[in-house]
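Visitor: I'd like to ask you about the structure that follows.
The values are calculated or read from the model by the stated rules, or taken from the named source; none is laboratory data. The structure displayed is predicted, hence computed values, not measured ones. Every residue, glycine as well, gets a Cβ built from its backbone with ideal geometry; the counts of neighbours run over all protein chains shown.
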Amino acid sequence: MSDHHENSDHNAESHQKSNEPNKKRPFHKLIGHHAKKAGSKFTKYLTERDTIFATVWVFIFIILLGKIPLNLGVLNPLKLGLKDFDFNDVYYSHVGNEQRNDIDKNIIVINIGDANREGIAMLVEKAASYNPKVMGLDVLLDGERDPTQDSIMREVINKNKNLILAVKYQEDSNGKLIGGHNFFKTDSSLFGFVNFPYNSEAESIRYYYPFKKDAHDQHNILPSFTSAILKLYDSNAYKRVEKMVDKKVTIVYSRKVTEKKKQYLVVEPETLMSDGVDSSALNGKIVLFAYATPFNPMDIEDKKFTPMNEKYAGKSIPDMNGIIVHANIISMVMEDNFIKKVPAWGNLLLAILVCWLHMSFFIHYYLESHIWFHLAAKIAQVLSAIFFIWLGIEIYTRYHVKVDMKLSLVTIALAVDVIYFYEAWAVWFHRKSGYKTVFKPHHH
Amino acid sequence: MKKLSILFFLVMFSSLSYAQSQFMLYSMKGNVSVVENNVTSKAKVGKMLDSKAILKIANGGSVTLVCNEAAMFSIVKAGNYPLSKFNDSCQAGRSSVSANYVKYVWAQMTKASVDAGSNRKAYMNTVGAVTRNVNNIWIDSKLDTVNYAGGDFPLSWKCYSEAKEFEVQLYTQDNIATPFFSTYVTKLKINIPDLVAKMKPGNSYFWNAAVKGEMNDDLKVLNYVSKEKFDEVINIINNQKPGGEAPAEEAYRTAFMLEDAHYLADALKYYSKAAQLEPNSILYRSTLMSFKKDYEIK
């Protein structure tokens, strides 16, 4: 304690002395001096045991708050608004994809509109006449309907051996993994499941499973819709996901289709039927049939929330047709554009480092310029949030590595409050057991 | 070595200067054709075109092109367009992620928070309730049928959205599905003389106006009356002339009867004549002013 004050006095004295010849100092030395002074605000208390213990207390608080079995954020608008939020969403929605405009010419989406089974069959037949390499029908043709229409549909499905049907990933009454909800699926059909792993329709689609394995039967493996398509279209790309059974893969969204951006070719049914599509656009390509109304934001049928939503937090409307999500997955696999995630221990290590640095800075202001403490802390919190989100985005863009900055930012937010608790705790412990601390009783 | 370097740079320079933009025809509307190597063919979605191609867009047609997989633009006016003139539209923004981030953060930090309701324009454009058979364009029922024989007269409408461009379409009686003429205007009216070149006297047409990019099924009748037919109408009106009618009164009565018969351009001529002949008449003046106001005549 006394050592610390001696140090402080010494610093103040040396600072006063060093101020005298300031006028004669060269500019670069002056900048160096101020940089050193600013740096000392971070480092002065870095190795103090109080900084280290206060950092530990921040994490104890985070663990304790996390252990409370009640949802304390039930009425907290901030928590509710940020429930489905990832800092990298800023990258997708506003920052990262602005400069990308390239169209993936391997994929063509054909809007089925309100066509019935006969209409869909006609569209498939018409597209098939252009010789696409693979066709994917992202429609759950559940149950029997009109016999004539069903018969036409079945004939078209049987005829086109490169047509992938959509099924739903589900279990039957015996707990066996099956691809359901498609009346036309037979043993010889090609199919893939189209459902995504999320808890409610209001959540963003961030992940997908290339393959799902039966919990009881190791040989019963169901491919996703995109994996089934890739198997026929590009064997090299397929090899990249072939072994990803039961592996949750982060979807890298690289393209969208809106009024402003058109990164997949979306063809209207009447354009296709009236020979309005150039044969080169379909020949040898992936043709996906689905309900696709990307140019009408008010039509939210089969639209999902994605990280590309312009409003990434708070109330919004779904932004992307399911088929465009599938198209993004296909593009990601073909371009080998996967994202690696920093493991949990890496994120924890980063959070400890960030918290430790900030704690040192906050304690400096708390003890030596208390009048400015809250102002400095708030400014530091805002600037740190901006900096660390930028850092996360830069790492994401340059190295395709996703660093979860959430914990780091939570520690920065908690650190200020923990200092008050820590001061009381340290003083109490000092009185009781002679614990050495830089905090004095009734410091402020 | 020096010569080789110069040769290398020359080859590089010439290949760069000959680099052509590639255009993808993303979507189209109406009658669009492409001229490539002097061969004209129907334009098709997904077709790749180079700078040497020429796009021919008929009235009412539009095209959206994606250039070099970088920039996107649309052509909405009829005409012939050599794609070489759009090379400068192929530039895409090249700002870095960091620059975008700084711009985004700054824009959000400096964005003024506006009290809901204080922005009148935004307030007036809120949806409010569902609409039934109402579109953004409203054409006064007074213009349901217009008989036109000559003169200057506008077809006007009101718009409920913040549109800046409107599409005026003309249909023949035989085909009300596809307009035979379409033009874009920025004002909330179009003068009939601007359409006259597309019409033949003695024929009936339908017209409508829509916000650019939207549809309006509400068709109005525009009869282009021949001179002979109009003379007959005027004769009928003249034959109803009561005894002792002053010239101003006659003009006023003629105007009133012409307006009733939907000859609006001619009614304007006679209302103006009545007001001119008797400038002190409040009735003639106010009727002329009301008529002009009703039909958006400046």
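Visitor: What single numbered condition from (1) among the charged types (D, E, K, R); (2) exposed (fewer than 14 other Cβ atoms within 10 Å of the Cβ); (3) out of contact with any helix residue (DSSP H, G or I) (no Cβ under 7 Å at 6 or more places or on another chain) fails to hold for residue A:185?
Guide: (2)
Visitor: Let me ask something else about it. In the range A:80-105, which residues are more than 21 Å from residue A:341 (Cβ to Cβ), under 19 Å from the mean Cα position of the chain (by Cα) and at pLDDT below 65? First the steps, then the outcome.
Guide: Taking the range A:80-105 and keeping what is more than 21 Å from residue A:341 (Cβ to Cβ), we get A:80-81, A:94, A:98-105.
Retained after the next criterion (residues that are under 19 Å from the mean Cα position of the chain (by Cα)): A:80-81, A:94, A:98, A:100.
Correct list: A:80, A:81, A:98.
Visitor: Related question: In the range A:1-79, which helices (runs of 4 or more DSSP H) lie fully inside it and hold 3 or more residues that are modelled with pLDDT under 80 and either in contact with a strand residue (DSSP E or B) (Cβ under 6 Å, 6 or more places away or on another chain) or not acidic (Asp, Glu) (or both)? Write out each step before concluding.
Guide: Numbers: elements: A:2-19, A:27-43, A:49-67.
Because the criterion is at least 3 residues that are modelled with pLDDT under 80 and either in contact with a strand residue (DSSP E or B) (Cβ under 6 Å, 6 or more places away or on another chain) or not acidic (Asp, Glu) (or both), the helices (runs of 4 or more DSSP H) in the range A:1-79 that meet it are A:2-19, A:27-43.
Visitor: Can you tell me which condition residue B:35 does not meet? The list is (1) among the aliphatic types (A, V, I, L, M); (2) at pLDDT 85 or above; (3) surrounded by fewer than 20 Cβ atoms within 10 Å (Cβ to Cβ); (4) closer than 23 Å to residue B:166 by Cα, and all the others hold.
Guide: (4)
Visitor: Still on this structure, I have one more. Mind telling me which of the residues A:245, A:194 ends up being of a type outside the set (Ser, Thr, Tyr) and in contact with a helix residue (DSSP H, G or I) (Cβ under 8 Å, 6 or more places away or on another chain)?
Guide: Numbers: A:245 fails: in contact with a helix residue (DSSP H, G or I) (Cβ under 8 Å, 6 or more places away or on another chain).
The unique qualifying residue is A:194.
Visitor: Now a separate question. Report the residue count in the range A:289-331 for those that are touching a Gly at 6+ places or on another chain (Cβ under 6 Å) and within 14 Å of chain B (Cβ to nearest Cβ).
Guide: Going through the range A:289-331 one residue at a time, the tally reaches 2.
Visitor: Something else about it: Can you list the strands (runs of 3 or more DSSP E) lying wholly within the range B:154-249 that have 3 or more residues being under 23 Å from residue B:268 (Cα atoms)?
Guide: Details: elements: B:154-156, B:166-172, B:181-185, B:189-191, B:203-211, B:220-224.
It comes to B:154-156, B:189-191, B:203-211, B:220-224.
Visitor: Taking the conditions exactly as written (under 23 Å from residue B:158 (Cβ atoms) and aliphatic (A, V, I, L, M)), does residue B:288 satisfy them or not?
Guide: Details: under 23 Å from residue B:158 (Cβ atoms): yes; aliphatic (A, V, I, L, M): yes.
Judged against the criteria, residue B:288 is a match.
Visitor: Same structure again: Residue under question is residue B:159, and the condition is that it be within 14 Å of chain A (Cβ to nearest Cβ), hydrophobic (A, V, I, L, M, F, W, C), more than 30 Å from residue B:234 (Cα to Cα) and in contact with a strand residue (DSSP E or B) (Cβ under 9 Å, 6 or more places away or on another chain); does it hold? Before you say what the answer is, go through the steps one by one.
Guide: Values: within 14 Å of chain A (Cβ to nearest Cβ): no; hydrophobic (A, V, I, L, M, F, W, C): yes; more than 30 Å from residue B:234 (Cα to Cα): yes; in contact with a strand residue (DSSP E or B) (Cβ under 9 Å, 6 or more places away or on another chain): yes.
Spelling it out, it is not the case that residue B:159 is within 14 Å of chain A (Cβ to nearest Cβ), hydrophobic (A, V, I, L, M, F, W, C), more than 30 Å from residue B:234 (Cα to Cα) and in contact with a strand residue (DSSP E or B) (Cβ under 9 Å, 6 or more places away or on another chain).
Visitor: Show the residue pairs meeting these rules: Cβ distance below 6 Å; 6+ apart or different chains; first residue within the range B:137-158 and closer than 16 Å to residue B:193 by Cα; second residue β-branched (Val, Ile, Thr).
Guide: Close Cβ pairs (under 6 Å, with a partner that is β-branched (Val, Ile, Thr)) amount to B:147/B:225; B:148/B:192; B:149/B:225; B:153/B:192; B:155/B:190.
Visitor: Moving on. Can you confirm whether residue A:182 is within 21 Å of residue A:165 (Cβ to Cβ), over 22 Å from the mean Cα position of the chain (by Cα) and assigned to a loop (DSSP other than H, G, I, E, B)? Please lay out each step first, then the result.
Guide: On the way: within 21 Å of residue A:165 (Cβ to Cβ): yes; over 22 Å from the mean Cα position of the chain (by Cα): yes; assigned to a loop (DSSP other than H, G, I, E, B): yes.
Spelling it out, residue A:182 is indeed within 21 Å of residue A:165 (Cβ to Cβ), over 22 Å from the mean Cα position of the chain (by Cα) and assigned to a loop (DSSP other than H, G, I, E, B).
Visitor: Of the conditions (1) of a type in the set (Lys, Arg); (2) surrounded by 19 or more Cβ atoms within 10 Å (Cβ to Cβ); (3) under 26 Å from the mean Cα position of the chain (by Cα), residue A:285 satisfies every one except a single condition; which number is it?
Guide: Unmet for residue A:285, out of (1) of a type in the set (Lys, Arg); (2) surrounded by 19 or more Cβ atoms within 10 Å (Cβ to Cβ); (3) under 26 Å from the mean Cα position of the chain (by Cα): (3).
Visitor: Looking at the range B:75-117, which of its residues are away from chain A (no Cβ under 14 Å), surrounded by 13 or more Cβ atoms within 10 Å (Cβ to Cβ) and not in a loop (DSSP other than H, G, I, E, B)?
Guide: Within the range B:75-117, B:75, B:81, B:83, B:84, B:86, B:87 meet the criteria.
Visitor: Here is a check on your reading of the model: is residue B:33 touching a strand residue (DSSP E or B) at 6+ places or on another chain (Cβ under 7 Å), more than 8 Å from chain A (Cβ to nearest Cβ) and free of Cβ contacts under 8 Å to residues at least 12 places away in the same chain?
Guide: Details: touching a strand residue (DSSP E or B) at 6+ places or on another chain (Cβ under 7 Å): yes; more than 8 Å from chain A (Cβ to nearest Cβ): yes; free of Cβ contacts under 8 Å to residues at least 12 places away in the same chain: no.
Against the criterion (touching a strand residue (DSSP E or B) at 6+ places or on another chain (Cβ under 7 Å), more than 8 Å from chain A (Cβ to nearest Cβ) and free of Cβ contacts under 8 Å to residues at least 12 places away in the same chain), residue B:33 does not qualify.
Visitor: Please tell me if residue B:272 is without any contact (Cβ under 8 Å) to a residue 12 or more places away in the chain and closer than 21 Å to residue B:189 by Cβ.
Guide: Details: without any contact (Cβ under 8 Å) to a residue 12 or more places away in the chain: no; closer than 21 Å to residue B:189 by Cβ: yes.
No, not satisfied.
Visitor: May I pose another question? Where in the range A:333-444 are there helices (runs of 4 or more DSSP H), lying wholly inside it, with at least 3 residues that are more than 16 Å from the chain's Cα centre (by Cα) and within 14 Å of chain B (Cβ to nearest Cβ)?
Guide: Details: elements: A:344-368, A:370-399, A:406-433.
Filter on the range A:333-444 gives A:370-399.
Visitor: Given the criteria without any contact (Cβ under 8 Å) to a residue 60 or more places away in the chain and under 30 Å from residue B:231 (Cα atoms), does residue B:168 qualify?
Guide: On the way: without any contact (Cβ under 8 Å) to a residue 60 or more places away in the chain: yes; under 30 Å from residue B:231 (Cα atoms): yes.
In short, yes.
Visitor: May I pose another question? Within the range B:44-58, can one find any residue that is free of Cβ contacts under 8 Å to residues at least 12 places away in the same chain and touching a helix residue (DSSP H, G or I) at 6+ places or on another chain (Cβ under 6 Å)? Before you say what the answer is, go through the steps one by one.
Guide: Going residue by residue through the range B:44-58, those that are free of Cβ contacts under 8 Å to residues at least 12 places away in the same chain are none.
Looking through the range B:44-58, none of the residues is free of Cβ contacts under 8 Å to residues at least 12 places away in the same chain and touching a helix residue (DSSP H, G or I) at 6+ places or on another chain (Cβ under 6 Å).
Visitor: Determine whether the range B:79-89 contains at least one residue that is modelled with pLDDT of 85 or more, over 26 Å from residue B:160 (Cα atoms) and among the aliphatic types (A, V, I, L, M).
Guide: Yes: one or more hits.
Visitor: Let me ask something else about it. For the range A:91-134, name all the residues that are within 12 Å of chain B (Cβ to nearest Cβ) and in contact with a Pro (Cβ under 9 Å, 6 or more places away or on another chain).
Guide: A:91, A:92, A:93, A:108, A:109, A:110, A:111
Results for (1) aliphatic (A, V, I, L, M); (2) farther than 30 Å from residue A:319 by Cα; (3) touching a strand residue (DSSP E or B) at 6+ places or on another chain (Cβ under 7 Å), shown as yes or no for each residue.
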site: A:142; (1), (2), (3): no, no, no
site: A:152; (1), (2), (3): yes, yes, no
site: A:198; (1), (2), (3): no, no, no
site: A:207; (1), (2), (3): no, no, yes
site: A:214; (1), (2), (3): no, yes, yes
site: A:217; (1), (2), (3): no, yes, no
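Visitor: To continue, here is another question. Considering each of A:340, A:311 in turn, give the residue that is touching a Ser or Thr at 6+ places or on another chain (Cβ under 8 Å) and either surrounded by fewer than 20 Cβ atoms within 10 Å (Cβ to Cβ) or aliphatic (A, V, I, L, M) (or both). It would help to see each step written out before you state the result.
Guide: Details: A:340 fails: touching a Ser or Thr at 6+ places or on another chain (Cβ under 8 Å).
The unique qualifying residue is A:311.
Visitor: Could you list, in sequence order, the residues of the range B:36-57 that are within 30 Å of residue B:209 (Cβ to Cβ), facing chain A (nearest Cβ under 10 Å) and in a strand (DSSP E or B)? Spell out how you get there, then give the answer.
Guide: Going through the range B:36-57, the residues within 30 Å of residue B:209 (Cβ to Cβ) turn out to be B:42-43, B:45, B:55-57.
Those left that are additionally facing chain A (nearest Cβ under 10 Å): B:42-43, B:45.
Selection gives B:42, B:45.
Visitor: Oh, and also: Among the residues of the range A:399-439, write down those that are surrounded by 14 or more Cβ atoms within 10 Å (Cβ to Cβ), modelled with pLDDT of 90 or more and either among the hydroxyl-bearing types (Ser, Thr, Tyr) or touching a Pro at 6+ places or on another chain (Cβ under 7 Å) (or both).
Guide: A:408, A:411, A:422, A:427
Visitor: Now for a separate question. Can you tell me which of (1) outside any helix (DSSP H, G or I); (2) surrounded by 15 or more Cβ atoms within 10 Å (Cβ to Cβ) is the one residue B:257 doesn't meet?
Guide: Going through (1) outside any helix (DSSP H, G or I); (2) surrounded by 15 or more Cβ atoms within 10 Å (Cβ to Cβ) one by one, residue B:257 breaks only (1).
Visitor: Sticking with this structure for a sec: Do you know which of the residues in the range B:262-298 that are exposed (fewer than 15 other Cβ atoms within 10 Å of the Cβ) and in a loop (DSSP other than H, G, I, E, B) is nearest to the chain's Cα centre (by Cα)? Even if it seems obvious, please write down each step before you answer.
Guide: Just the residues of the range B:262-298 that are exposed (fewer than 15 other Cβ atoms within 10 Å of the Cβ), to begin with: B:276, B:279-280, B:282-283, B:286, B:289-290, B:292-294, B:298.
Cutting the leftovers down to in a loop (DSSP other than H, G, I, E, B) gives us B:279-280, B:298.
Working: B:279: 38, B:280: 40, B:298: 19 Å.
Within the range B:262-298, the match that is nearest to the chain's Cα centre (by Cα) is B:298.
Visitor: Given the conditions (1) crowded, with 19+ Cβ neighbours inside 10 Å; (2) small (Gly, Ala, Ser); (3) within 10 Å of chain A (Cβ to nearest Cβ), and given that residue B:60 satisfies all but one, which numbered condition is not satisfied?
Guide: Going through (1) crowded, with 19+ Cβ neighbours inside 10 Å; (2) small (Gly, Ala, Ser); (3) within 10 Å of chain A (Cβ to nearest Cβ) one by one, residue B:60 breaks only (3).
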